[in-house]
1. Around Asn105, what is the net charge, scoring Lys/Arg as +1 and Asp/Glu as -1 over all other residues with Cβ under 14 Å from its Cβ?
2. Once the whole set of protein chains is in place, how much accessible area is left on Glu16, using a 1.4 Å probe, in Å² to the nearest 10?
3. How much length, in nm to one decimal, is gained on full extension between Ser70 and Glu129, taken as 0.36 nm per residue of separation minus their Cα-Cα distance?
4. Between their Cα atoms, which of Lys46/Lys136; Lys136/Lys170; Lys46/Lys114; Lys61/Lys114; Lys46/Lys170 are more than 21 Å away from each other?
5. Applying the Karplus parametrisation 6.51 cos²θ - 1.76 cosθ + 1.60 with θ = phi - 60° to the phi angles of the stretch 107-113, what ³J(HN,Hα) value in whole Hz is obtained for each residue in order, glycine and proline being reported as x?
6. Could you compute the net charge surrounding Ser145? Neighbours are other residues with a C-beta less than 12 Å from the C-beta of Ser145; K and R count +1, D and E count -1.
7. ³J(HN,Hα) across the stretch 65-77 via Karplus (A = 6.51, B = -1.76, C = 1.60, θ = phi - 60°), whole Hz, x for Gly/Pro?
8. Expressed in nm to one decimal, what extension gain is obtained for the pair Glu117 and Asn105 from 0.36 nm per residue of sequence separation less their Cα-Cα distance?
Amino acid sequence: MILSSNYIVIDDFLDEELLTALIMCSESFHFRDLSSTTAIRGRRSKRLNSIVPITSSKIIKKIQSLDVFSAVNHFDLFLHKLYVGHFEKGYDIKTMAWHDDIGYNCAGVVYLNKTPESNSGTLLNIEGEVIAIENKFNRLVFYNSNILHRVENAFSSEAKPRLTLTIFAK
């Protein structure tokens with residue numbers, strides 16, 4: 001586990017039951033295309049809280065079991081698929097927009113690709129220092145939502161999207 005004042009990283013975060021449920025959900029959900037509404041070129045499910053409330057509740061309890069999040073009582077969970085194929089022709093992935101998550105106190109991801117491409121994690125820009133968090137299966141990365149961040153490198157295709165559980169907390 002890595003714990004700093006700005007972010008936390010925990011490997012092997014979810015148990016096998018929850019991982020299996022999320023991966024199965026990712027294959028059956030309808031994902032809405034975000035390409036026209038945000039800088040993110042990909043697809044996101046509806047809130048898991050409303051689609052699979054039992055799975056969502058178990059994940060929230062797991063997050064709340066961490067001392068740093070025990071007092072947080074509102075979480076929004078989404079499955080997020082990011083495809084290189086959804087980038088406009090000529091779009092340079094390396095210039096993908098840095099952004100923060102206004103309206104939330106914390107944000108994070110759990111990486112769900114069993115064999116992710118290299119350099120496909122999350123970049124955090126903390127006071128001008130860029131910190132790369134590696135995409136590793138079942139790794140939780142949680143950070144202050146006011147920290148500028150972005151996908152390090154969107155990879156893959158329709159056949160193998162970058163799959164994450166995206167988490168926002170108030």
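The values are calculated or read from the model by the stated rules, or taken from the named source; none is laboratory data. If you're wondering where the values come from, they're calculated on a predicted model, not measured in any experiment. Cβ sites come from the backbone with ideal geometry, for glycine too, and all protein chains shown count toward neighbours. Surface areas here come from the heavy atoms of the whole protein model, side chains and all, with no ligands, DNA or RNA. Shrake-Rupley method; radii C 1.70, N 1.55, O 1.52, S 1.80 Å.
1. On the way: positive: Lys170; negative: Asp76, Asp100, Asp101.
Value of the local net charge: -2.
2. Surface accessible to solvent at Glu16 totals approximately 120 Å².
3. Details: separation 59, 0.36 × 59 = 21.24 nm, distance 2.88 nm.
Roughly 18.4 nm would be gained on extension.
4. Values: Lys46/Lys136 24 Å; Lys136/Lys170 26 Å; Lys46/Lys114 23 Å; Lys61/Lys114 24 Å; Lys46/Lys170 18 Å.
Result: Lys46/Lys136; Lys136/Lys170; Lys46/Lys114; Lys61/Lys114 exceed 21 Å.
5. Those phi angles translate into 9, x, 9, 10, 6, 10, 8 Hz.
6. Value of the local net charge: -2.
7. Ordered by residue, 3J(HN,Hα) equals 5, 6, 3, 5, 10, 4, 8, 7, 10, 10, 10, 10, 10 Hz.
8. Working: separation 12, 0.36 × 12 = 4.32 nm, distance 2.94 nm.
Difference between extended and current length: 1.4 nm.
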